[in-house]
Every structure is written in structure tokens, then in C-alpha cells.
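All remarks here apply to the structure that follows.
The values are calculated or read from the model by the stated rules, or taken from the named source; none is laboratory data. None of the values given here were measured: they were computed from a predicted structure. Cβ coordinates were reconstructed from backbone atoms using ideal geometry, including for glycine residues, and neighbour counts include every protein chain displayed.
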Amino acid sequence: MKSIQLRIERVTMAGAVLAIVALFLPFVLLKPNRVAEGELHALIDVQDPVLVGALAGFAVVSLVLATLGESGRVRVAKLAAGLGVFTAAVLLLASAGERLITPDMPFARLSPQIGFWFLMLATFVIIDGSLRNAPFPRVTKAGVGLLPFVILAVVTAAGLLDDLAVLQEFYNREDRFLQELGNHLFLSGLSVSAAVAIGVPLGLLAWRRSRLEKPVFVAVNGIQTIPSLALFGLMIAPLAFISQAFPVLRQLGIRGIGNAPALIALTLYALLPITRNAYTSMAVIPNAVVDAGRGMGMGTRDLLRLVELPLAVPIILSGIRTSAVQAIGNTAVAALIGAGGLGAFVFQGLGQAAPDLIVMGVIPIVALAIIVDRLLGVLIRVATPRGIRNVES
Amino acid sequence: MIEFKGVRKTFGSVDALRGVSFEVPTGQVTVLIGPSGCGKTTSLRMINRMIEPTDGDVLMDGKKVGSFAPEELRRGIGYVIQSVGLFPHMSVRDNIGIVPRLLGWEKPRRYERAAELLELVGLDPAAYGEKYPHELSGGEAQRIGVARALAADPPVMLMDEPFGAVDPLNREVLQKEFVALQRKLRKTVVFVTHDLDEAIRLADEIILMRDGEIVQIGSPERILAAPADEFVRNFVGNDRALKRLACFRVEDHMQRADLLAESDVGTATIGAESDNGHDGSGLYWVHDDSRHLVGVLDSAALSNGPASLDDVTTVRARDVSVGPLSDLREALSRLLGQGMRAVPVLDKEERVVGEVRLPDIEALNQTGFVR
């Protein structure tokens with residue numbers, strides 16, 4: 001509900017309040033080396049009055065803007081304030097490295113703390129507030145959403161954030177990082193492809209032969225209920241046995257641990273959304289449409305080409321989208337059975353009680369999932385015929 | 001001509017058709033009607049081989065439909081169903097152009113044809129051509145369904161309860177348009193419905209079915225006047241006399257009307273321009289300069305010399321009139337509703353072209369049942 005007297009726009013207001021609260025929370029953790037106990041520092045300790053002042057200024061400006069309605073100019077101002085909060089916070093991390101780390105601690109490293117994360121969150125809430133229901137085209141909104149990442153990339157590439165523990169962990173493992181990233185993409189990509197190759201025909205078959213519908217979905221639903229860790233574990237024994245029994249397979253690299261069980265388990269997990277959507281894509285085509293098509297003289301192939309495929313493809317693609325995002329997350333767990341991937345860093349970090357290493361593994365996994373989700377989202381939009389675009393999503 | 005010869009159909013253990021034989025005359029509207037499950041839709045779908053008979057033959061121009069490839073056969077037969085089945089991902093003009101597309105027409109020719117057909121079913125091609133099905137009302141969608149079926153100009157149209165899902169008001173409009181369209185196109189139409197009023201309005205011939213068998217074949221008027229048995233009598237109902245009026249078109253039973261220009265009201269006298277004094281309705285339809293109906297004047301007002309404008313009862317043309325293609329049932333309803341001796345018949349330009357008189361309707365009803 002709108003408040004008549006003040007016309008407070010709540011989203012931006014929430015972001016601004018969050019940013020102001022964040023000013024008083026611990027900002028960074030300074031550790032003399034990787035394993036030593038660290039020391040928390042607030043923004044005040046960074047002793048950079050210009051940047052801290054700017055940050056506080058942007059936060060307060062956001063707060064004021066939240067009461068000024070939603071005209072185009074106010075929106076642009078909110079956006080600028082949000083980006084200002086973001087930029088100041090990131091630069092303060094760099095500044096903290098410069099001012100808090102003295103020459104007598106060559107291995108010192110910084111980790112962002114809750115104050116910093118609150119500022120990140122506040123940024124996105126404020127930017128969201130500025131774009132909400134805005135009459136801008138989609139492309140503009142998407143572009144604006146990317147701006148913080150561009151700023152972050154520039155600051156990182158300039159080497160300003162090298163004192164951050166996450167980046168230090170990264171620099172220590174730069175070669176392996178690329179290798180595991182490739183591994184991760186290979187495992188998720190191949191398993192989703194395999195799931196498409198199996199799941200789409202399976203879903204269509206379940207639709208054509210209604211007798212198969214139940215068994216197919218009991219099976220793929222059943223797989224989904226097994227916890228991922230258990231499924232990976234379950235693969236070990238039978239595959240080890242098969243690999244022992246058939247040396248040819250062993251030479252192909254099929255063993256109880258490693259890529260083979262990971263790929264199988266990941267494929268099985270990816271099946272449900274793909275199979276279900278393939279089935280649904282056919283089930284939602286109205287009977288009347290098929291009847292009209294056949295009655296006007298479409299053969300099976302005409303019907304498929306002109307009617308069924310155009311209507312089904314967007315739904316099948318959105319099943320693939322769900323599976324792909326899931327697979328990227330599940331692949332992280334595959335590292336436990338020696339398959340590699342970015343999960344390797346996460347489990348290594350867990351083993352060494354090094355949270356920075358965990359974060360270093362998690363950030364690219366999340367980024368990957370988001371990128372794949374967005375790319376497939378664009379693909380689905382393109383593949384959706386205009387007549388049904390407004391109807392769905 | 002389409003011909004059914006001893007056609008049977010069983011679905012599992014159910015007899016859907018128990019050996020029916022009938023003919024569908026070329027260029028006429030044949031309506032299959034009966035309660036649910038009587039086999040009317042099954043019969044219709046056998047003509048374009050959507051269903052194959054268990055036994056017997058369906059012939060088209062003397063050749064068994066089974067001898068044609070189903071796709072080829074269907075492209076030459078228009079097909080309209082109750083739920084329309086427009087392709088949701090195609091624009092209106094692509095929907096209309098689908099059979100031409102299957103026949104290999106080039107795009108410009110298809111679009112040209114689509115525009116023609118939109119015009120024919122009373123929709124503006126510029127406004128509707130690029131719309132999508134979800135942007136259409138039920139009535140618009142059904143018009144486009146009809147346009148789509150007409151796209152390749154097939155001689156035969158199959159229509160399975162095409163107006164069944166449209167609200168009653170729009171249904172009547174669509175039925176009237178269908179009648180007008182059919183006068184122009186003279187297609188061989190097989191039309192399935194369970195709505196007797198619709199059958200009476202549209203049919204040249206009605207085939208009444210029940211439990212997979214034909215109960216009676218005949219013109220609507222015939223079936224209402226002389227039901228073959230108790231079942232038909234019940235089916236047509238107690239108000240068959242009234243229903244029968246729907247078999248007659250206004251244009252076939254209207255009489256010459258007396259017109260009077262508004263400006264002449266003050267000078268007109270009885271018989272001045274009328275043969276209407278005694279056996280007619282005794283009503284003058286008063287029109288304005290653009291010949292639009294504005295009121296009615298009772299000739300009684302003229303008996304004491306010229307009348308004045310005060311004697312003219314103002315009417316709203318739309319409320320009192322019927323069209324040439326309306327049926328007599330509607331005319332009677334207007335007569336009773338307005339409490340007048342006659343209703344004016346207006347053409348498209350809202351000019352009076354005749355009138356329908358109450359005694360004529362009464363006479364018609366009596367002769368019908370004696371015959």
C-alpha cells in the first residue's frame with residue numbers, strides 16, 4: 001500500500017537502511033597469514049575519510065530518494081546512488097589492504113566481513129528499487145544489472161584487490177583453477193547432453209504410449225529423491241565391480257571413482273526436469289489444435305514441423321534450463337568421488353579449514369549457474385513463437 | 001454429392017453407427033442432429049476419413065473416400081470444429097493460409113487470399129491479419145475458423161458444432177452471417193449440431209439421428225409439421241409451431257410497405273400513394289431525408305384529413321425492425337413485443353424495403369399443418 005503523505009518506495013528504502021546499518025558492522029577480517037587468527041576491523045579503522053564519507057553519503061542520498069516517488073529522474077538518481085554505494089564499498093576493500101597491511105606482514109590477507117556483504121546486498125536492493133516497474137526496455141535493464149559486475153571486474157583486473165584472501169588463494173592455484181573449471185563444464189555439459197538425449201525421447205514416448213507414463217515417471221521421480229551424495233556413493237561398488245570384470249572398460253577409464261560414476265549420477269539427476277517437460281510440452285497442446293491440423297490435411301510430419309515442435313520446443317528448453325542449473329550445482333558434489341571440478345576447491349577448503357578457499361570455489365560455481373540460466377533464458381525467448389510469448393512466463 | 005451406403009461403425013463393443021444410408025445434395029446445407037452419442041459426429045468425421053467405417057461405403061462424387069490418400073482428401077474439404085483449434089503460435093493470416101501452404105502456394109498469394117477471406121467473414125484484414133489467436137474473442141476466433149476452412153475454396157465443408165461454444169447472442173449473429181455467406185458460396189455443407197433452433201435456421205435438409213440410426217430425413221419445415229414418430233415429436237418439442245416459423249425467411253413473406261417522407265406528413269391523405277387502406281396493415285413508415293426510418297403513422301389518423309407530426313409515433317429502427325434474412329419467428333416476436341400490426345423490414349442501409357404482417361404469419365401457420 002502506498003503512503004499518501006510520504007510516498008515511500010519500500011524497496012529502495014530497505015536497501016538504504018541496510019547500507020546505513022552496514023556502515024557500523026565489521027567490514028574486513030585481517031589475518032597475518034593463512035592460518036593465524038584474524039582481527040576484525042570496522043570501516044572507521046580503515047581511516048579513509050573520503051571514501052567512508054562518500055559511502056555514507058550515497059547511503060543517505062538513497063534514503064532520501066526513496067521518499068521522492070518514481071519519476072524517471074528519481075530512478076536514474078537511485079541507480080547512481082546504488083552504484084555509488086557499490087563502487088565505494090569495493091574501493092574501500094582496496095583501501096583497507098593498503099592502510100591496514102603494514103610491511104612487517106608480508107603474508108597478510110583480508111577477508112570481507114558482514115558489513116561488506118550487507119553493502120553488496122544493499123546495492124542490489126537499491127538498483128532493483130530503481131528499475132522496478134520502470135518503463136525501460138528489457139535490454140537496458142539487463143545492461144544496468146551488469147554494471148556492478150563490470151566495475152568489480154575492472155577493479156579486480158587493476159590489481160587493487162590483490163590483498164584479498166580469495167584472490168590470493170586463486171593466484172596460488174591459477175593453473176589448476178582453469179583445469180577444474182574446464183572439468184566442471186565438461187561434467188555438467190556432458191551429463192546434461194546425455195540427459196537430453198535420453199530424457200526428451202523418454203518424455204515423448206511416455207506421452208505417446210500412456211501405458212509407459214507411470215513407470216517412466218516413477219523411475220525418474222525416484223532417482224530425484226535419492227540424496228546426491230548417496231547416489232554418487234551407490235555408483236562406486238557396481239562400477240568398481242564392472243571395471244574389474246571387464247578390463248576393456250577399465251582401459252576406457254571406467255572405474256568406481258572418477259568421471260564415470262559422476263557422469264552417470266549427474267545424468268540420472270538431470271533426467272527428471274527434461275523428461276517431465278518433454279512430456280508436458282506435448283500434453284499441453286490442445287487436442288482441438290491437433291484435430292484441426294489433421295482434419296485440414298496435415299500428415300504426421302507436417303503436424304510435427306508446423307504445429308507440435310514450435311509449441312513444444314520452448315517448454316522442452318525450459319526443462320533443459322532447470323536441469324543445467326541443477327547439474328552445475330550437483331557437479332560440485334562429484335568432486336567427492338574424485339571427479340574433479342570446482343567442487344574440489346570447496347572440499348579442499350573444508351578439509352583445510354580455509355574458508356577463503358571454499359569461497360573461491362563457490363563463487364565461480366554460482367556465477368556459472370547464473371550465466372547458464374540467463375543464456376538459456378534468452379534462447380527460450382528467441383525460440384518462443386510470438387503468438388504464445390505473452391501467454392507463457 | 002456425398003453418399004453414405006449402409007455405413008456401420010463399432011468402437012469396441014459399442015455400435016456407434018448401425019448401418020446408415022443417406023445422401024448429401026451438392027450446394028446445400030445438410031444438418032445432422034440428434035442427442036449426444038447418436039452418431040452424428042462419427043458420420044461427419046467419416047467423410048474426411050478422420051474415422052474409418054467398420055462396414056459400408058462413404059462416397060464422394062461416386063468415388064469411395066477410402067480410395068483417396070487421407071491428406072489429399074482433407075485438403076479438399078473445409079473443416080471447422082467447435083473448439084476452433086486455431087494454431088496459437090501463428091498469426092491470423094498464417095492460420096487462414098495453412099491449407100494453401102500445405103498445397104504449396106507462395107506466401108504473397110496466401111496472404112492475399114487470407115485478406116480476401118477476412119473480408120468475407122466480416123473482419124478488417126488490416127486490423128486482424130497480424131493478430132494472434134489469444135487476442136481474439138470467441139466469435140472472432142470462430143469466424144477465422146470458418147475463413148481458414150474456406151481458404152483453398154473447397155467444394156465441401158464439414159462443420160462440427162461450429163457455433164456451440166459461442167455465447168447465444170454471438171451465436172445468432174454468426175448463424176445469420178453463415179446463411180448470408182452460404183447464399184453467396186453455395187458450398188456442400190455437412191453441419192453437426194444438437195441445437196434444433198440452429199438446425200431449423202440453417203438447414204436445407206435435416207437428418208435426425210438416434211442411437212446410431214437415422215430417424216427422419218426432411219426439410220426443417222417438414223420435420224416440424226410432420227414428425228415421423230414419438231421420438232421426433234419429443235425432440236422438436238411442444239413449441240414446434242413456433243419453431244416452424246424459423247423455417248421461413250422474412251424476404252419470402254414480406255409485403256409491400258407504405259412509406260411517407262417526414263416532410264410530407266402534413267399533406268398526405270389516405271390512398272394518395274397507397275393501396276393499403278383495407279387489406280393492408282394500415283401503417284405508414286415515416287422516414288427522414290436520408291430515407292432512414294424514424295417513426296410510424298397509423299392511417300386512422302388520416303381519416304379526418306392530413307395528419308400532423310404529432311400523430312407520428314417515433315420508433316428506434318433497431319428495436320422494431322427485422323432484416324430480409326431474419327426468420328418469421330423473430331418477426332412474430334417483434335410484432336408481439338411492439339404490439340403493432342406489422343413490422344418494417346430494413347435493408348443494410350436501414351431503409352424500409354417491406355413489412356411483415358401478423359395475419360400473414362397466422363395464415364402460414366395454419367396451412368402448414370393442414371398440408
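Go through (1) at pLDDT 85 or above; (2) under 32 Å from the mean Cα position of the chain (by Cα) one by one and return the number of the condition residue B:337 breaks.
Failed condition: (1).
What number of residues within region B:73-92 are within 7 Å of another protein chain (Cβ to nearest Cβ), of a type outside the set (Ser, Thr, Tyr) and at negative phi?
So the count comes out to 7.
Right, residue B:85: in contact with an Asp or Glu (Cβ under 8 Å, 6 or more places away or on another chain) and farther than 28 Å from residue A:309 by Cα or not?
no
Starting from region B:160-177, take each residue that is in contact (Cβ under 8 Å) with a residue 60 or more places away in the chain and list its partners that are part of a helix (DSSP H, G or I) and among the polar types (S, T, N, Q), counting only C-beta distances under 6 angstrom and pairs at least six apart or across chains.
That search, which allows pairs on different chains as well, returns B:160/B:41.
Which of the following residues is within 14 Å of chain B (Cβ to nearest Cβ), surrounded by 15 or more Cβ atoms within 10 Å (Cβ to Cβ), β-branched (Val, Ile, Thr) and more than 12 Å from the chain's Cα centre (by Cα): A:331, A:384?
Residue meeting the stated conditions: A:384.
Here's the yes/no breakdown for (1) on the phi > 0 side of the Ramachandran plot; (2) in contact with a strand residue (DSSP E or B) (Cβ under 7 Å, 6 or more places away or on another chain); (3) aliphatic (A, V, I, L, M); (4) outside any helix (DSSP H, G or I):
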| residue | (1), (2), (3), (4) |
| --- | --- |
| A:11 | no, no, yes, no |
| A:14 | no, no, yes, no |
| A:21 | no, no, yes, no |
| A:29 | no, yes, yes, yes |
| A:44 | no, no, yes, no |
| A:53 | no, no, no, no |
| A:56 | no, no, yes, no |
| A:64 | no, no, yes, no |
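Buried (at least 16 other Cβ atoms within 10 Å of the Cβ), part of a strand (DSSP E or B) and under 31 Å from the mean Cα position of the chain (by Cα): is that true of residue A:79 in this structure?
No, not satisfied.
Looking at region A:278-306 only, could you name the residues that are over 16 Å from residue B:48 (Cβ atoms) and not in a helix (DSSP H, G or I)?
Once the filter is applied, which keeps residues that are over 16 Å from residue B:48 (Cβ atoms) and not in a helix (DSSP H, G or I), region A:278-306 yields A:284, A:285, A:286.
Looking at B:113, B:109, which one is part of a helix (DSSP H, G or I), surrounded by fewer than 17 Cβ atoms within 10 Å (Cβ to Cβ) and not β-branched (Val, Ile, Thr)?
B:109
I need every pair where a residue in region A:310-327 that is over 16 Å from residue A:220 (Cβ atoms) and within 14 Å of another protein chain (Cβ to nearest Cβ) has its Cβ under 9 Å from the Cβ of a residue that is in a helix (DSSP H, G or I) and of a type in the set (D, E, K, R), sequence separation at least 6 or different chains.
Short answer, once both residue conditions are applied: A:314/A:381.
Could you run through region B:95-108 and say how many residues are touching a residue at least 12 places away in the same chain (Cβ under 8 Å) and at the interface with chain A (Cβ under 10 Å from one of its Cβ atoms)?
So the answer is 5.
Filter the strands (runs of 3 or more DSSP E) completely within region B:1-84 down to those with at least 2 residues that are closer than 17 Å to residue B:215 by Cα and aliphatic (A, V, I, L, M).
B:14-24, B:29-33
Looking at residue B:23 and the list (1) touching an Asp or Glu at 6+ places or on another chain (Cβ under 6 Å); (2) within 14 Å of chain A (Cβ to nearest Cβ); (3) of a type outside the set (S, T, N, Q), which single condition is not satisfied?
(2)
Would you be able to tell me the number of residues in region B:40-69 that are more than 10 Å from residue B:7 (Cβ to Cβ), away from chain A (no Cβ under 14 Å) and crowded, with 21+ Cβ neighbours inside 10 Å?
2
Among the residues in region B:63-83, are any touching a Pro at 6+ places or on another chain (Cβ under 8 Å) and over 30 Å from residue B:131 (Cβ atoms)?
no
Just to be sure I understand, how many residues within region B:124-144 are more than 14 Å from chain A (Cβ to nearest Cβ), aliphatic (A, V, I, L, M) and within 20 Å of residue B:79 (Cα to Cα)?
Final tally of qualifying residues: 0.
Show the residue pairs meeting these rules: Cβ distance below 7 Å; 6+ apart or different chains; first residue within region B:222-251 and touching a residue at least 40 places away in the same chain (Cβ under 8 Å); second residue part of a helix (DSSP H, G or I) and of a type in the set (Phe, Trp, Tyr).
B:225/B:369
Determine the pairs where a residue that is free of Cβ contacts under 8 Å to residues at least 40 places away in the same chain, located within region A:248-272, has a partner that is of a type in the set (Lys, Arg) with Cβ atoms under 9 Å apart, the partner being 6 or more residues away or on another chain.
A:249/A:255
Take region B:43-52 and flag every residue that is out of contact with any Phe, Trp or Tyr (no Cβ under 8 Å at 6 or more places or on another chain) and in contact (Cβ under 8 Å) with a residue 60 or more places away in the chain.
Listed by number, the residues that qualify are B:44, B:45, B:47.
Can you name every residue in region A:266-307 that is among the charged types (D, E, K, R), surrounded by 20 or more Cβ atoms within 10 Å (Cβ to Cβ) and more than 10 Å from chain B (Cβ to nearest Cβ)?
Of everything in region A:266-307, just one residue is among the charged types (D, E, K, R), surrounded by 20 or more Cβ atoms within 10 Å (Cβ to Cβ) and more than 10 Å from chain B (Cβ to nearest Cβ), namely A:276.
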